[in-house]
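Notes follow once the structure below has been shown.
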Amino acid sequence: MTSKRNIVIAGGGRVGFQTAKLLANRDHDVSIIEPDSTVVDAIADEWVATVIRGDATDPDILAQADLSEADAIAALTGDSGLNLAICMVAQELAPEVRTVTRIEDASGEAYLQFVDAVVFPEHAGARTAANEIIGSDVQTLADVTGSLDVMQIRVEEGAPAAGKTLSEVRFPAGTLVVSGDEGERIARPDTTLEPGKRYVVAVEPDVVDEVMNLLRG
């Protein structure tokens, strides 16, 4: 099963809130920092979560969000400069925290010298932001036919399916392994699930945990 992460999101607007809900639905602990009291009230009315009113560049506010215990902080306000500032303050306070910043356009590679990842949600949506916040071992690539998830999953060393062929692994009904390692070929019954390699897998929502346990342990 995917390990639960503690995530702080700065910015409770459309992108920040949608990303927070997506991560919470994946069973991660999420806190939102938002300076606008109207937005804070709206979030509190719709969703039971930790919502902190304040400026995310303020160390005292970040302390309220328990940044020292967080796995990642994502600055998802509509201001690229503010987002970068939030991430840089966060890195000073918690050097090990993963930093993700929202940018206004897709040409933001220069930001990567200051943060771990950049996202351009206007282009790809909250799912891309959620993937970058969590990291790359398991990434949901797209929603297909409603709730079906198509994910790229790295097989963990020691997981039940690691080192076995598809014909040897009893995946639950509602699972389809699409690609061989690194997506270079279509998976076949003799495809071996090699530890450390990535595979594209289509999964129905009610069997996600079981599939994750087989591939990730």
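The values are calculated or read from the model by the stated rules, or taken from the named source; none is laboratory data. None of these values were measured; they are calculated from a predicted model. Note that each Cβ is placed from the backbone with ideal geometry, even for glycine, and that neighbours are counted across all protein chains shown.
For the stretch 167-209, which residues satisfy the criterion of being more than 23 Å from S3 (Cα to Cα), modelled with pLDDT under 90 and not hydrophobic (A, V, I, L, M, F, W, C)?
Correct list: S179, G180, G183, E184, R185.
Taking the stretch 1-56 on its own, how many of its residues are under 30 Å from V155 (Cβ atoms) and modelled with pLDDT under 85?
Taking the stretch 1-56 as the starting set, the residues that turn out to be under 30 Å from V155 (Cβ atoms) are 1-9, 18-30.
Of the ones still in play, those that are also modelled with pLDDT under 85 are 1-4, 22, 25-27.
Qualifying residue count for the region: 8.
Take the residues in the stretch 5-23 that are of a type outside the set (S, T, Y) and under 10 Å from the mean Cα position of the chain (by Cα), then tell me which one is nearest to A72 (Cα to Cα).
Within the stretch 5-23, the subset of a type outside the set (S, T, Y) is 5-18, 20-23.
This time we only want the ones that are under 10 Å from the mean Cα position of the chain (by Cα), so: 5, 7, 20, 22-23.
On the way: R5: 8, I7: 5, A20: 12, L22: 15, L23: 12 Å.
Filtering the stretch 5-23 for residues that are of a type outside the set (S, T, Y) and under 10 Å from the mean Cα position of the chain (by Cα), the one nearest to A72 (Cα to Cα) comes out as I7.
Could you check, for the stretch 94-104, whether at least one of its residues is part of a helix (DSSP H, G or I) and touching a strand residue (DSSP E or B) at 6+ places or on another chain (Cβ under 7 Å)?
So in the stretch 94-104, the residues part of a helix (DSSP H, G or I) come out as none.
No, the stretch 94-104 contains no residue that is part of a helix (DSSP H, G or I) and touching a strand residue (DSSP E or B) at 6+ places or on another chain (Cβ under 7 Å).
I'd like to know if the stretch 158-166 contains one or more residues that are of a type in the set (S, T, N, Q) and at pLDDT 90 or above.
The answer is yes; a qualifying residue exists.
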